[in-house]
Amino acid sequence: MARPRDPQRREDLLAAVVDALADGGIGTRSLRDIAAAVGTSHRNLLHHFGSRDGLLVAVVEEVEARQRALAAAPGPAPATAAALARMWDDLSGEGLRPAERLFFECYARGAGGEAPFDRLFPGIVASWLEVGEDRGMDPDLARLSLAVVRGLLLDLAGTGDREATTRALALFAALVGPDR
């Protein structure tokens, strides 16, 4: 009989792996390398996450949950220029670049139906649309905003051109309209 998983330990491990991600990424690292970086064994990671891919999905889910919490925090409505600029500053910073690369890798694999990445869908879209809805956004504008921000993040991940992607986000924010 398998031992029950200790949720607190899993949560602690996940937090440590997310921190390790910020220190150079984990997308190409082996499970043993990731385990060493967080001071545990690869067997312990397998126990809590099932596989290396399961760990990567858990990391994406955790980073996404943290970003949604920031977007849901009190402040201007999400589609206002100020809110988009604040969110872009957070998402486009160097510290999140490895997480963004991992996100797009996992997103593409999930969109192709590959397990366990497919478990990201439809929540990876719907959860953001719910944040917009909770903040009073028009559903179509919420979807468009999500698509624009993700597209610019993909551009940034591939080109590293933060200046150009920031200008493009500012243009989108201006098109959306002035702060309400």
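Before anything else, pin down the relative contact order of the chain: Cα pairs under 8 Å, at least 6 apart, normalised by residue count, whole percent. Mind dumping the intermediate values first?
On the way: 171 pairs, mean separation 43.8, N = 180.
For the chain, the relative contact order is 24 percent.
Quick one: grab the alpha carbon gyration tensor of the stretch 130-180, order the square roots of its eigenvalues as a ≥ b ≥ c, and give me rounded if a/c is under 1.5, else prolate or oblate depending on whether a/b is larger than b/c.
Values: a/c = 3.17, a/b = 1.69, b/c = 1.88.
Verdict is oblate for the stretch 130-180.
Between Arg32 and Ala16, what is the label-point separation in nm under the 7 Å Cα-to-beta-carbon projection?
1.8 nm
Give me the percent of the accessible area of the chain that comes from carbon and sulfur atoms, probe 1.4 Å, all protein chains in place.
Values: 5290 of 9470 Å².
Here it works out to 56 percent.
How about the stretch 102-175: which chymotrypsin sites (Phe, Trp or Tyr not before Pro) there are in a DSSP loop, with at most 16 other Cβ atoms within 10 Å of their Cβ? Write out the running numbers ahead of the final one.
Details: sites: Phe103, Phe104, Tyr107, Phe117, Trp128, Phe172; in loops: none.
Here no loop site has a sparse enough neighbourhood.
If you compute Rg/Rh (Cα atoms, Kirkwood Rh) for the structure shown, which of (1) 0.97; (2) 1.14; (3) 1.00 do you land on?
Of the labelled values, this structure produces (3).
So what is the accessible area of the chain per residue, in Å², with the probe set to 1.4 Å?
53 Å²
Taking 0.36 nm per residue of sequence separation and subtracting the Cα-Cα distance, how much length would be gained by fully extending the chain between Asp53 and Thr159, in nm to one decimal?
Gain on extension, Asp53 to Thr159, equals 35.6 nm.
Quick one: Cα centre-to-centre distance for the stretch 95-110 and the stretch 39-57, in angstrom?
Between the Cα centre of the stretch 95-110 and that of the stretch 39-57, the gap is 18 Å.
The stretch 81-180: which GluC sites (Glu not before Pro) are DSSP loop and have at most 15 other beta-carbon atoms within 10 angstrom?
When the GluC sites (Glu not before Pro) of the stretch 81-180 are filtered for loop state and at most 15 Cβ neighbours within 10 Å, Glu114 remain.
Which value in deg cm²/dmol, rounded to the nearest 500, describes the helix-derived mean residue ellipticity at 222 nm for the chain, given -39,500 (n - 2.57) per DSSP H run of n ≥ 4 and division by the residue count?
On the way: 9 runs with 127 residues, N = 180.
Only helices count here, giving -23000 deg cm²/dmol.
Need one word for the stretch 74-180: rounded, prolate or oblate. Basis is the Cα gyration tensor (sqrt eigenvalues a ≥ b ≥ c); a/c below 1.5 gives rounded, then a/b vs b/c decides.
Taking the square roots of the gyration eigenvalues as a ≥ b ≥ c, the stretch 74-180 is oblate.
The values are calculated or read from the model by the stated rules, or taken from the named source; none is laboratory data. Just so it is clear, the model here is predicted, and its values are computed rather than measured. Please note: Cβ atoms are built from the backbone with ideal geometry, for glycine as well, and neighbour counts cover all protein chains shown. Ligands, DNA and RNA are stripped out before the accessible areas are found, and what is left, the full protein with its side chains, is counted by its heavy atoms. Shrake-Rupley method; radii C 1.70, N 1.55, O 1.52, S 1.80 Å.
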